[in-house]
Amino acid sequence: YISDCTDDSRHTEGKHSLYGAHNFVVISGKTELGLFVDTPSRATFDVGYTEHGVMTISVASGAFKLYTITPSDEEKPAESVVKQFRRLIGMSYIAPKWAFGYGQSRWGYRDEKDIREVARRHRENHIPLDAIYLDIDYMDHYKDFTVGGEAFPDLKGLACEMRGLGIHLVPIIDAGIKKEEGYPVYEEGRDKGFFCKDEDGEDYEFGVWPGISCLPDVLDEKAAEWFGDKYRALLDLGIDGFWNDMNEPAMFYSKKNLKRVAGELAEMSTQELGLEGFFKFRELATSLSNNEEDYKSFYHNYRGKRYRHDEVHNLYGFYMTKAAAEGIAGYMLEQPGGAERYRKDPPLLFSRASYIGLHRYAGIWQGDNRSWWSQLKLSVCMTASLNMCGFLYTGADIGGFGDDTTEDLLIRWLSFAVFTPLMRNHSEKWSREQEVYRFGSAEIMRDLIRLRYRLIPWLYETYVKACREGLMMFKPLGFEYPRDEVARRTEDQLLVGDGVMIAPVCEQNATGRVVYLPEPMKMLRIRGAEVVSEEPADAGHRYVEMPLGDVCLFVKEGSDFRLGEVYESVAELERAEGMAAGTKD
Ligand code: MIG
């Protein structure tokens, strides 16, 4: 595993790096130990790859701190290591309750009309919905903190109209700032010297969505404050949620490399290409993006000292999101109700790239995945491992971001995602549209989303408790039953909070699955958002039928698990809770 924040949407098994850099491992076996390698650039974890049974960690920059954590509780060593680590890295950001509602997103909603249609079709079909995400098309030519002219003539009005329907709009913010005369964000950044610099101290320019762009140097305190304050423009329009993208940082190309590669390709095009030549030709074009040499060509200013980007690469997303969180907090504290309102109803913020510690400021989503069954399974495992690092507000793009989803995959994905804090259906432009109302089995999907709303009171309570007390909301079985060899090896079942076990189906055409129970539990079968059966289940393996749409839950004795009512938005749920509290008084 190479810890190196990377924008790569094909997470095949052969890949070594993903969007986040979380250098924390728990070793459990003959010895029980936690290791945290705090280093700002690349770290490589060779886990029995070169030599079976030997783990080697190497860091690229040479600058690192190694923390070793030994368990303080022999009963649950892994969990105790995680608890200590979490104490070390600080408390997790707490997302607002509405962010536990269902979210619909797609890279491809072009204008206000598209957004209104998404809202209307959910409400008409009584599919609960709390958020619609705005992808880059809401901006004017992909320029951060602008709103696109004709397509989005009145974002403030739209946000207000949506709020009337109980729906929050959540716009995306990208790392790169378009280089364009007359675009105030660019001009300010340039004039104040807030962009990353090249070797000669000139603003470093690279290509990304908006064309040639500059990178805000968020490692620099003043630049970070400036960038964070820019979120005000959208907060002023009634926006209360953001997702930070492309902050690995992702770069399509550098000017220098583009020229060189274009030249080489042109030259090769006149030659007869053999095997090597052809592969080189193909490789050249893809080598333009997120290129290692480019990452060595620009500089940051951190506390008055110059750092070459590759030396601090893994910190970029962290500092961008910290800047955003602090800018947003500053804004909120100035509003009527100030600190109290901010604590009660903080804006939603999550990022793509991350480093240990980002969890104090925001959540993360699991990046560009694909409509593959293996990626559903991956998300199950990843959700637990992210919890080890304090990333409690997380979730994957439901249905898969890239490639065409299938109805059964979407149903199974929703069946798992009813439990993840971020429950967002998101897909890319070129893929099949995957809003649930487009499918023949929309009703099954709607009922899963309804189930989600019935789960929210318990889920949110479990989540907030885990944030405050530094617990894992999702735990691998081995953390709870460390002496049970089968439990230790079970990766596709998770414990949620205190005393609930889930066992998602992650395989196409399966009509059920084998579930392992480390101890006797009560099995609840939920269908159509209702509990249809409840029966005691013994410890050990059993095959459980799970037709599409059925969610089976395993509840331990004494668990605080409960189901609430169905609502179509969290605002509705909170009104009902408020009324219930009022009656009690
Ligand atoms: O290069 O904004 O991960 O969620 O839809 C792609 C367009 C840029 C990557 C994000 C994805 C988003 C997409 N973005």
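No value in this document is a laboratory result; all are computed from the given coordinates. Predicted model, so just to flag it, every value in this text is computed and none were measured. Neighbour counts run over all protein chains shown; Cβ positions are idealised from the backbone, glycine included.
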Cα gyration tensor of the chain diagonalised, 5x eigenvalues square-rooted, in angstrom largest first, produces semi-axes 37, 30, 25
Beta bridges per DSSP with both ends in the chain, % antiparallel, nearest 5
70
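Indicate the gyration tensor shape class of region 84-177 (rounded, prolate or oblate), computed on the Cα atoms with a ≥ b ≥ c the square roots of the eigenvalues: a/c under 1.5 is rounded; otherwise a/b larger than b/c is prolate and the rest oblate.
Verdict is oblate for region 84-177.
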Which pairs in the list K156/K192; K97/K475; K197/K222 are over 20 Å apart, alpha-carbon to alpha-carbon?
K156/K192; K97/K475
Relative contact order, percent, the chain [alpha-carbon distance under 8 Å, six or more residues apart]
15
Dimensionless Rg/Rh of region 1-150 - Kirkwood Rh, Rg from C-alpha atoms:
1.12
Under a plain spin-label model, where a point goes 7 Å from the Cα along Cα-to-Cβ, how far apart in nm are L275 and V486?
4.9
For region 332-444, list log₁₀ I(q)/I(0) at each q in 0.22 Å⁻¹, using the Debye formula over Cα point scatterers of equal strength and ignoring solvent, two decimals each.
-1.14
Ranked highest first by average number of other Cβ atoms within 10 Å, how do 72-83, 473-484 line up?
473-484, 72-83
Fewest-first sequence of S287, S3 by Cβ atoms within 10 Å of each Cβ:
S287, S3
Exposure proxy check on E124, E225: fewest-to-most Cβ neighbours within 10 Å is E124, E225
For the residues K15, K97, K65, what sequence is obtained by ranking on other C-beta atoms within 10 Å, fewest first?
K65, K15, K97
Can you give me the P(r) profile for region 258-337? Cα pairs, bins 10 angstrom wide beginning at 0, each as a whole percent.
14, 27, 21, 18, 12, 6, 2, 0
Calculate the spin-label point distance for E202 paired with A581, positioning each point 7 Å from the Cα along the beta-carbon direction, and give it in nanometres.
5.9
Please report the base-10 log of the normalised intensity I(q)/I(0) for region 482-585, using a Debye sum with one equal scatterer per alpha carbon and no solvent, at each q in 0.09, 0.10, 0.14, 0.24 (1/Å).
-0.31, -0.37, -0.66, -1.36
Please give the net charge around A233, taking every other residue with its beta carbon less than 14 angstrom from that of A233, where Lys and Arg add +1 and Asp and Glu add -1.
-2
